[in-house]
Amino acid sequence: MTKQVHLAAHFPGVNNTTVWSDPESGSQIEFDSFVHLAQTAERGKFDFFFLAEGLRLREQNGLIYDLDVVGRPDTFTVLSALAAVTTHLGLTGTINSTFNEPVDVARQFATLDHLSGGRAAWNVVTSWDEFTGENFRRGGYLPEDQRYARAEEFLTAAATLWDSWRDDDVLADTASGHFLARPDAGEFEFTSTQFDIRGHFPTPRPPQGRPVIFQAGDSDEGREFAAATADAIFSRHATYDAGRAFYTDVKRRLAAYGRHPEQLLVLPAATFVVGDTDAQAAELAHEVRLQQVSGQTAIKFLEQLWNRDLSDHDPDGPLPQVDPVPGENTVAKGRASVRMHRDPVAVAREWRDLAEAKNLTTRELIIEVTGRQSFVGSPQTVAHTINDFVQADVADGFILVPHIVPGGLDRFVDEVVPILQELGVHRTDYEGTTLRDNLGLARPAG
Amino acid sequence: MAEHVHVAVALDGAGSHPGAWRAPGAQAHTLTTAAHWQERLAEAEAGLLDFVTLADSFALHRGHPRTDRATAGLDSVLLASRLAPTTRSIGLIPTATATHTEPFHVSKAIATLDYVSNGRAGVVLRTTADPDEAALFGRRRFPDDPAVLADLASEALDFATVIGLLWDSWEDDAEIRDVATGRFVDRDKLHYIDFAGDHFSVRGPAITPRPPQGRPVIAATGAHPTDLRVIGRGADLGFINPREVDDAVRAVDAVGTAHSDAGRGIADPALLFVDLFAVLAASESAARARRAQLDEWAGEPFTPDSAAFVGTPAGLADEIERWTAVDGVSGVRLHPAAVPEDLHVITREVVPELQRRNRFHDSYTAPTLRGHLGLARPSNRFAAGKAGVA
């Protein structure tokens, strides 16, 4: 049978891929922006809406980073409000396991699932760093090697809490006077290296049993964690070769946990530019890249890798002659990307070679190396490419990240989605009422 | 013209009486659904009530486990947010448990509720020394010691201070979108709060820009003398539970003293609402019969934490006038014994009676919760160079 394409909408956040300087760009904070994007996604019969979170404003050279969008709303609160203005769309939120407690998070997700009629999903992330910890009671106390342990134990604890209620524990029998079927509904005890908790979980079992669990880490540890426990992976491998390699790898890991390939969906984040023709789309895509990477932004990117002040550097000239400063990054705080550069000196060498070979300025080089758009073309091209990728097991679908708020998904939904529907690979109506129904995931037994 | 009074309603499950879930129309099997709450909020808004408070606790049982009490166990902040787009005017005040939650998370959640509701958000800060509730978190234990209560109140005060500072940590015009210089935000208008207290420290700034009301309304409940100090020092709104008029006068004084001792610059002083449990019916005897029936359903007589009113709509209007005649009391927060029945009588009969007496508004006159309460939008402490003033 032809694989169906899963689609989701990512509300674009604080990265430089979000274009705020365009006249079409609206508020990142006003609720209307969220309503527009979510309702557009639902019109396109998307599986879910995805919202990331931030817990500390980013800094560079000890100053708050001011070139990209700054500020976001609270994840849970926005998703709950969106439940009021949508009826089928899944509501997925990133929530950190380091600066939260299981009972609070489990109750918030159970609440979101109840109030949305079974549409809640949790993207579990481990943590950032001590820098972020300065905003919390726990501070930066957690050593790096314990973060995955805490995440795993946190998720196990949450599952224990959701499972502490049976589906039929709420009787609400007014005649006999029994609201609960048994006095020990919700009773639990959970002890581990990070937690020692017990009592009665206050919230009855939600419609999905448990919310859908997403995992986002890309390390070997993260992939194992996903294979063992997650329903879906939010990956960053949207290109053909990298996507296929990642897909094969994580699906292979499932067997060790007694799970089947269809029990874990691989959904990379993907960007796109749709034009009238392929040529026009390519032109548009280049303009968008110029909006995303200004001269100042290019210098700031360079500083994150070089780990030193380069404010005097000319973005329209060649790359700096000096080498990056190795070791702990003291320039950029609150960014995941700085940790991806495991060997900055080697990366700098690659970049210099590339710049020389293609005769690129600093800004042009940064535009070249910092993620071009995943899908660029006419509606026909974009639809067929996405479908080809899914049929070739690059992914089970894509989480689309528009570069403009709130209208960045309009054209995709109006012009690309109908083609996917004609191809018979995207739904024309929702299969069921819960997110698990629409993702084809089983409801966990209570 | 006599001054208008404020009337709010506290929503706690099927009602404030533990037998309420067995009453006709209670629909207790739908307590965890959005539709259930949407209907209640529509009723409260149709009755022009200033705001609703939504109860919250991490405890499933008060005391030993039992099967005859109804629970929904929902997070009230998420519930308020789910209801915000379905309402237009009514204030939404959920509860946050300061003892067990993170002020940074609560600050951004309430700021976001303020965005989602276009300026109708508040929060009741709750403290709890319940050892069962603490065991759900496993971080702290509560010895049987009176000093604990005072310490929790002081922590709640720090909590109120921090969420207020975080709301001010962005000046109103911090987002500049200056295409010429490439700057989205003016970092000089973002401020570290650098709060360090006995229980937590928070660096800031907030992740969420300053909300529409500047600062959403902070409320606290004055069950103990220490709570009255929290109201006086850190809240915009206080719920007090006097049994007699003299108690109310004393509570007003205690709050006022705490307020002037603190020399605070926030809304001056906190508005006080008297908590009132209400069982209503067309006649006094019918109301008493309803209360008896609720007690029978609960299996035991129920004593509320506040003063109780059992009687007719006109009688309740008299009672509201009596409490609000106390200098320093702005309104009442009614705790309907059983929803929807008592809520229905409040909106369809008590409110019209107060309107006939020219003691209650005929329509919502302000778009924000602060507006309903007659509170000004606070200026930003950092912008005004008064960062040290809590």
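Points worth noting:
- Some residue of segment B:171-187 being more than 14 Å from every other protein chain (Cβ to nearest Cβ), touching a residue at least 40 places away in the same chain (Cβ under 8 Å) and of a type in the set (D, E, K, R): no
- Residue within segment B:219-227 that is within 18 Å of the chain's Cα centre (by Cα), under 21 Å from A:D74 (Cα atoms) and touching a residue at least 12 places away in the same chain (Cβ under 8 Å) present: yes
- Among the residues of segment A:92-110, just one is without any contact (Cβ under 8 Å) to a residue 60 or more places away in the chain, within 7 Å of chain B (Cβ to nearest Cβ), not charged (D, E, K, R) and not in a loop (DSSP other than H, G, I, E, B), namely A:Q108.
- Test: residue in segment A:36-44 that is within 9 Å of another protein chain (Cβ to nearest Cβ), buried (at least 19 other Cβ atoms within 10 Å of the Cβ) and touching a helix residue (DSSP H, G or I) at 6+ places or on another chain (Cβ under 9 Å): no
- Test: residue in segment A:275-285 that is in contact with an Asp or Glu (Cβ under 9 Å, 6 or more places away or on another chain) and either of a type in the set (A, V, I, L, M) or closer than 30 Å to B:A180 by Cα (or both): yes
- In segment A:110-152, of all residues being within 21 Å of the chain's Cα centre (by Cα) and among the acidic types (D, E), the one that is farthest from A:E221 (Cα to Cα) corresponds to A:D113.
- Residue among A:G139, A:G133, A:G177 that alone is surrounded by 20 or more Cβ atoms within 10 Å (Cβ to Cβ) and not hydrophobic (A, V, I, L, M, F, W, C): A:G133
- Selection of segment B:331-390 for residues being within 20 Å of the chain's Cα centre (by Cα) and within 17 Å of B:W167 (Cα to Cα) yields B:T368, B:L369, B:R370, B:L375, B:A376, B:R377, B:P378.
- Any hit, segment A:75-91, residues being at pLDDT below 95, in a loop (DSSP other than H, G, I, E, B) and facing chain B (nearest Cβ under 9 Å): no
- As for segment A:224-243, it holds at least one residue that is in contact with a His (Cβ under 6 Å, 6 or more places away or on another chain), touching a residue at least 40 places away in the same chain (Cβ under 8 Å) and either more than 22 Å from A:L91 (Cα to Cα) or part of a helix (DSSP H, G or I) (or both).
- Residue ID - nearest to A:H88 (Cα to Cα), chosen from residues in segment A:7-35 that are away from chain B (no Cβ under 12 Å) and in contact with a helix residue (DSSP H, G or I) (Cβ under 7 Å, 6 or more places away or on another chain): A:A9
- Residue in segment A:275-287 that is modelled with pLDDT of 95 or more, surrounded by 13 or more Cβ atoms within 10 Å (Cβ to Cβ) and either within 14 Å of another protein chain (Cβ to nearest Cβ) or under 23 Å from the mean Cα position of the chain (by Cα) (or both) present: yes
- Scan of segment B:280-307 for residues that are aliphatic (A, V, I, L, M) and buried (at least 18 other Cβ atoms within 10 Å of the Cβ), ordered by number: B:L280, B:A281, B:A287, B:L294, B:A298, B:A307
- In segment A:125-223, counting only strands (runs of 3 or more DSSP E) that sit wholly within it, the ones holding 2 or more residues that are within 9 Å of chain B (Cβ to nearest Cβ) span A:170-173, A:178-180, A:187-191, A:196-200.
- Annotation note: of B:D50, B:D12, the sole residue that is among the charged types (D, E, K, R), within 18 Å of B:F302 (Cβ to Cβ) and touching a residue at least 60 places away in the same chain (Cβ under 8 Å) is B:D12.
- Scanning segment B:179-215 for residues that are under 28 Å from the mean Cα position of the chain (by Cα), surrounded by 22 or more Cβ atoms within 10 Å (Cβ to Cβ) and assigned to a strand (DSSP E or B) yields a total of 1.
- Selection count where residues are buried (at least 18 other Cβ atoms within 10 Å of the Cβ) and either assigned to a helix (DSSP H, G or I) or on the phi > 0 side of the Ramachandran plot (or both), scope segment A:342-363: 6
- Matching option when the condition is away from every other protein chain (no Cβ under 11 Å), farther than 21 Å from A:Q108 by Cβ, part of a helix (DSSP H, G or I) and modelled with pLDDT of 95 or more, among B:A160, B:A147: B:A160
- Note on segment A:52-74: among residues that are without any contact (Cβ under 8 Å) to a residue 40 or more places away in the chain and part of a strand (DSSP E or B), the one that is nearest to A:Q215 (Cα to Cα) is A:I64.
- Selection count, segment A:45-54, where residues are crowded, with 23+ Cβ neighbours inside 10 Å and closer than 30 Å to A:D129 by Cβ: 4
- Among (1) of a type outside the set (S, T, N, Q); (2) under 24 Å from A:I197 (Cβ atoms); (3) out of contact with any Asp or Glu (no Cβ under 8 Å at 6 or more places or on another chain); (4) more than 7 Å from chain B (Cβ to nearest Cβ), the one test that A:G117 misses: (2)
- First in segment B:345-368 and closer than 20 Å to B:S283 by Cβ, second anywhere and surrounded by fewer than 17 Cβ atoms within 10 Å (Cβ to Cβ) and modelled with pLDDT of 95 or more, Cβ under 9 Å, 6 or more apart: B:V345/B:A282; B:T347/B:A46; B:R348/B:A46; B:E349/B:A282; B:E349/B:A314; B:V350/B:A314; B:E353/B:A314; B:L354/B:E321
- Test for B:V345: is it closer than 26 Å to A:A175 by Cβ, in a helix (DSSP H, G or I) and β-branched (V, I, T): yes
- Filtering segment A:315-330 to residues that are without any contact (Cβ under 8 Å) to a residue 40 or more places away in the chain and of a type in the set (A, V, I, L, M) leaves A:V322, A:V325.
The values are calculated or read from the model by the stated rules, or taken from the named source; none is laboratory data. Since the model is a prediction, treat every value here as computed from it, not as a measurement. Quick reminder, even Gly has a Cβ in these numbers, built from the backbone with ideal geometry, and neighbours come from all protein chains shown.
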